């Protein structure tokens, strides 16, 4: 089961990396035969390997994008591939074997203490960043809310960089053809959601004469919790992301999963599961391979509601008739069912007027230098040179994020649209070392996309980057196991709703209470400028 493998992966982090890497400094390899090559004049060319997060394709070293980046910076660029299926487990195995890339994106900041103490992530002094990447530093200074330069701090040292990123909440995406067939409008309140989703179960929206459709699966769970003011999300994969906390309106972080409002949301999901509204196979997830944000349940007429970034389906407008506006997920949907259509709708409004969906971190990619790279100052300098270029050079932004015009993307009246999808574009080296949709990128390259995303999304519960503390890092796996098991059991009816109260006590006793307190104290110190 995906969930079990994912939990086992987290257990491996502290067990494998610390012990195996303790003796590997100075001898770690990224799996390639050499760390540098010779240039045309016989000089050494620095080899730089990137792990951009959860990848879904292995980069072709001879791809034209790779060659152009190499020429631009005088490096030998290497993709560092980790299979996205059981990503963390596969990554831990490579770490335990002494392998590591030079540059890596950390999706989960709570693991930073483990990576630092395990000898994986190296210090990256802020003074050096300011010296070698002054344009980047200026952009961060201008966007800083008082936490930017402190986000990657641990025990008084800086361990990476953040990015000024335009992010948008997840959109609620409906099968418009199902709504039209049943004569239904896009719902707005939680009660209206139930009415429409019930119709999807009982009124044969796909017209096959069978009662084999459900309303939704796990990617829409976050919106139900959002109706009660909480950021309890599954993201793109089954299993709740317990390693993420929530920042309260009082500016105090907390674990949303143990709040009384979470029990109210679970009661709704439990009721919907019993009524067949929630897909009985939700634990296996909506995606079953390929591009991570594809929802096979949604595309294959199993459910009529999903949640994703707007641009996973449409590039820069709500026009579904224009094929040039179809993004990866829309193309897949239309390929399977040409008559299928979608429409965006608001997140459900709860009993107290609250609503919202998951939004990614406003500080974007959290990128670190590994101890392997830190052994060669040239690698660090090249990385910072590339970082600075991403904040000044529009052509490099396009090359890194979009690829080559006419090959990987084309310009349209709605801005740039990709000509390749999912795994194909990554094989070509696109997105391998980009820094995301920075404020400058959104302003200069994709203003149409920016406007579109703001139009079709509503309130967002943004990812809170909790200050990395060991009390939290040490118990993530345990808290994750407790939460996912309890939540899945309650939703599916394996445990009664009141089991939630038992779970909360177990969560606190297993280190959750101490972890929450430690994060709150670290956050208060950060706000006070003491960290």
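The values are calculated or read from the model by the stated rules, or taken from the named source; none is laboratory data. The structure displayed is predicted, hence computed values, not measured ones. As a convention, Cβ positions derive from the backbone with ideal geometry for all residues, glycine included, and neighbour counts pool all protein chains shown.
Within the range 382-403, one or more residues are out of contact with any helix residue (DSSP H, G or I) (no Cβ under 8 Å at 6 or more places or on another chain) and over 22 Å from residue 59 (Cα atoms). Of the residues making up the range 327-378, those that are within 17 Å of residue 457 (Cα to Cα), at pLDDT below 95 and outside any loop (DSSP other than H, G, I, E, B) are 358, 359. The sole residue among 280, 263 that is over 28 Å from residue 203 (Cα atoms) and touching a residue at least 60 places away in the same chain (Cβ under 8 Å) is 263.
Would a scan of the range 177-189 turn up a residue that is surrounded by fewer than 24 Cβ atoms within 10 Å (Cβ to Cβ), modelled with pLDDT under 95 and either assigned to a helix (DSSP H, G or I) or out of contact with any strand residue (DSSP E or B) (no Cβ under 6 Å at 6 or more places or on another chain) (or both)?
Taking the range 177-189 first, the residues surrounded by fewer than 24 Cβ atoms within 10 Å (Cβ to Cβ) are 177, 179-189.
Then keep just the ones that are modelled with pLDDT under 95; that gives none.
No.
Can you find a residue in the range 311-321 that is at pLDDT 95 or above and within 23 Å of residue 242 (Cβ to Cβ)? No, that holds for no residue.
Being touching a helix residue (DSSP H, G or I) at 6+ places or on another chain (Cβ under 8 Å) and part of a helix (DSSP H, G or I) narrows it down to one residue among 123, 194; which is it? Quick ask: steps written out before the conclusion?
Values: 123 fails: part of a helix (DSSP H, G or I).
After ruling out the rest, the residue left standing is 194.
One residue alone among 317, 321 is without any contact (Cβ under 8 Å) to a residue 60 or more places away in the chain, in the same structural domain as residue 206 (by TED's automatic domain parsing) and in a loop (DSSP other than H, G, I, E, B), and that residue is 321.
Taking each residue of the range 205-226 that is at positive phi and looking for partners that are at pLDDT 95 or above with beta-carbon atoms closer than 8 Å, six or more apart or interchain, yields 207/181.
Answer yes if at least one residue in the range 423-437 is within 23 Å of the chain's Cα centre (by Cα) and closer than 30 Å to residue 252 by Cβ, and no otherwise. Steps first, please.
Of all residues in the range 423-437, those within 23 Å of the chain's Cα centre (by Cα) come to 423-437.
Adding the requirement that they be closer than 30 Å to residue 252 by Cβ leaves 436-437.
Yes: one or more hits.
Filtered by the rule that a residue be assigned to a strand (DSSP E or B) and more than 24 Å from residue 350 (Cα to Cα), the range 161-176 gives 161, 165. Selection of the range 235-260 for residues being under 18 Å from residue 467 (Cα atoms), more than 21 Å from the chain's Cα centre (by Cα) and touching a residue at least 60 places away in the same chain (Cβ under 8 Å) yields 251, 252. Suppose we keep only residues that are within 16 Å of residue 247 (Cα to Cα) and outside any helix (DSSP H, G or I) within the range 205-234. Which one would you say is nearest to the chain's Cα centre (by Cα)? Looking at the filtered set, the residue picked out is 233.
Yes or no, residue by residue, for (1) part of a loop (DSSP other than H, G, I, E, B); (2) assigned by TED's automatic domain parsing to the domain that holds residue 386; (3) in contact with a helix residue (DSSP H, G or I) (Cβ under 7 Å, 6 or more places away or on another chain):
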{"residue": "78", "(1), (2), (3)": "no, yes, no"}
{"residue": "82", "(1), (2), (3)": "yes, yes, yes"}
{"residue": "89", "(1), (2), (3)": "no, yes, yes"}
{"residue": "112", "(1), (2), (3)": "no, yes, no"}
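Step by step: first the residues of the range 284-310, then only those that are outside any loop (DSSP other than H, G, I, E, B) and in contact with a helix residue (DSSP H, G or I) (Cβ under 6 Å, 6 or more places away or on another chain), then the one that is surrounded by the fewest Cβ atoms within 10 Å (Cβ to Cβ). Which residue is that?
Of the range 284-310, the ones outside any loop (DSSP other than H, G, I, E, B) are 284, 296-299, 305-308, 310.
After this cut, where a residue has to be in contact with a helix residue (DSSP H, G or I) (Cβ under 6 Å, 6 or more places away or on another chain) as well, the list is 299, 305-307, 310.
Values: 299: 21, 305: 27, 306: 27, 307: 28, 310: 24.
Within the range 284-310, the match that is surrounded by the fewest Cβ atoms within 10 Å (Cβ to Cβ) is 299.
For the range 126-160, taking the residues that are more than 23 Å from the chain's Cα centre (by Cα) and outside any helix (DSSP H, G or I), the one that is surrounded by the most Cβ atoms within 10 Å (Cβ to Cβ) is identified as 133. Which of the residues spanning the range 459-490 are crowded, with 21+ Cβ neighbours inside 10 Å, part of a loop (DSSP other than H, G, I, E, B) and either touching a strand residue (DSSP E or B) at 6+ places or on another chain (Cβ under 8 Å) or on the phi > 0 side of the Ramachandran plot (or both)? Once the filter is applied, which keeps residues that are crowded, with 21+ Cβ neighbours inside 10 Å, part of a loop (DSSP other than H, G, I, E, B) and either touching a strand residue (DSSP E or B) at 6+ places or on another chain (Cβ under 8 Å) or on the phi > 0 side of the Ramachandran plot (or both), the range 459-490 yields 463, 466, 467, 468.
Take the range 379-395 and flag every residue that is surrounded by fewer than 19 Cβ atoms within 10 Å (Cβ to Cβ) and in a helix (DSSP H, G or I). Give the steps one after another, and end with the answer.
So in the range 379-395, the residues surrounded by fewer than 19 Cβ atoms within 10 Å (Cβ to Cβ) come out as 381, 385, 392-395.
Within the range 379-395, 381, 385, 394, 395 meet the criteria.
Restrict the check to the range 502-522 and report whether at least one residue is crowded, with 18+ Cβ neighbours inside 10 Å, out of contact with any helix residue (DSSP H, G or I) (no Cβ under 7 Å at 6 or more places or on another chain) and over 25 Å from residue 356 (Cα atoms). Yes, the range 502-522 contains a residue that is crowded, with 18+ Cβ neighbours inside 10 Å, out of contact with any helix residue (DSSP H, G or I) (no Cβ under 7 Å at 6 or more places or on another chain) and over 25 Å from residue 356 (Cα atoms). Would you call residue 357 in contact with a strand residue (DSSP E or B) (Cβ under 6 Å, 6 or more places away or on another chain) and within 19 Å of residue 79 (Cβ to Cβ)? Spelling it out, it is not the case that residue 357 is in contact with a strand residue (DSSP E or B) (Cβ under 6 Å, 6 or more places away or on another chain) and within 19 Å of residue 79 (Cβ to Cβ).
Restricting 46, 59 to residues that are surrounded by 20 or more Cβ atoms within 10 Å (Cβ to Cβ), at pLDDT 85 or above and part of a loop (DSSP other than H, G, I, E, B) narrows the list to 59. Within the range 491-501, the only residue that satisfies the criterion of being without any contact (Cβ under 8 Å) to a residue 60 or more places away in the chain and buried (at least 17 other Cβ atoms within 10 Å of the Cβ) is 495.
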